[in-house]
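Here, each number is a calculation from the coordinates, and none is a lab measurement. Keep in mind it's a predicted model, so treat the numbers as computed, not measured. Cβ: placed from backbone, ideal geometry, glycine included. Neighbour counts: every protein chain shown.
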């Protein structure tokens with residue numbers, strides 16, 4: 001397609017979605033990499049609760065704004081793209097969000113006598129990127145890990161455990177949860193109870209006998225596929241793909 005149109009679309013998207021992280025939730029922009037954007041929330045004192053609250057609430061609002069933007073693509077770009085192209089784009093475009101906590105280092109990056117820029121490095125950036133990648137395999141828009149669980153509950157947000165994962169670039173497994181709101185059908189208690197039973201059987205190394213909730217069909221298909229490939233060992237999913 002037209003590179004100028006792609007650039008315009010990306011800027012429209014960032015203006016109407018991720019800007020809220022800066023304006024409303026005190027997020028700091030780290031970088032843009034292609035169609036990905038990275039924000040972080042520095043903790044300046046012992047009050048981590050407020051920082052985690054901003055990040056969690058920001059993630060939920062970002063997901064809502066993303067879906068609104070994608071749903072209005074055909075109207076926004078009518079006349080600028082052929083209708084069949086718009087229809088295909090609207091059908092496949094999506095975005096995931098990964099949220100992680102941890103210690104990072106902040107400072108200038110680059111050669112001493114060349115161009116440098118301020119940036120951050122550390123395990124939470126890698127983990128957040130891996131969680132975002134995992135959203136492509138599950139019917140979930142936001143993934144977090146256990147460190148954020150109590151803060152999510154304090155905000156009245158809902159979570160669903162997906163399992164323990166050792167992702168590429170890390171040696172320590174992490175428990176991963178889907179994050180959402182009580183208004184979403186996927187976080188209804190009756191569905192999650194059945195899901196937890198189904199997942200517990202699979203994590204014991206056997207194909208679950210109980211039927212899974214149809215609302216999680218994609219998630220079940222993903223985990224069963226990984227189970228057949230031998231990626232589940234000792235109750236932990238070992239993933240080496242990005």
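Looking at region 123-242, the DSSP beta bridges with both ends there are about 80 percent antiparallel. Counting other Cβ atoms within 10 Å as a rough exposure proxy, the listed residues 168, 23 run 23, 168 from fewest neighbours to most.
For the chain, give me the percentage of DSSP beta bridges that are antiparallel, rounded to the nearest 5 percent.
Of the beta bridges lying entirely in the chain, close to 75 percent run antiparallel.
Rounded to the nearest 500, the helix-only mean residue ellipticity at 222 nm of the chain stands at -13000 deg cm²/dmol, with each DSSP H run of n ≥ 4 adding -39,500 (n - 2.57). The relative contact order of the chain, computed from alpha carbon pairs under 8 Å that lie at least 6 residues apart in sequence, is 13 percent. Shown here are the Rg and Dmax of the Cα trace of the chain, at 19.4, 63 Å. With a ≥ b ≥ c the root eigenvalues of the C-alpha gyration tensor of region 1-95, is it rounded (a/c under 1.5), prolate (a/b larger than b/c) or oblate? Verdict is prolate for region 1-95.
Sorting 120, 144 by the number of Cβ atoms found within 10 Å of their own Cβ, with the fewest placed first, yields 120, 144. Would you please classify the overall shape of region 83-201 from the alpha carbon gyration tensor, given that a ≥ b ≥ c denote the square roots of the eigenvalues, rounded means a/c under 1.5, and beyond that prolate means a/b larger than b/c while oblate covers the rest? Oblate.
Listed from fewest to most Cβ neighbours within 10 Å, the set 32, 177 follows the order 32, 177. For a test of the definition: using alpha carbon positions, the gyration tensor, and the 1.5 limit on a/c, classify region 140-224 as rounded, prolate or oblate. Judged from the Cα gyration tensor, region 140-224 comes out oblate (a/c at least 1.5, b/c at or above a/b).
Computed over region 1-95, relative contact order equals 23 percent, with contacts defined as Cα pairs under 8 Å that lie 6+ residues apart.
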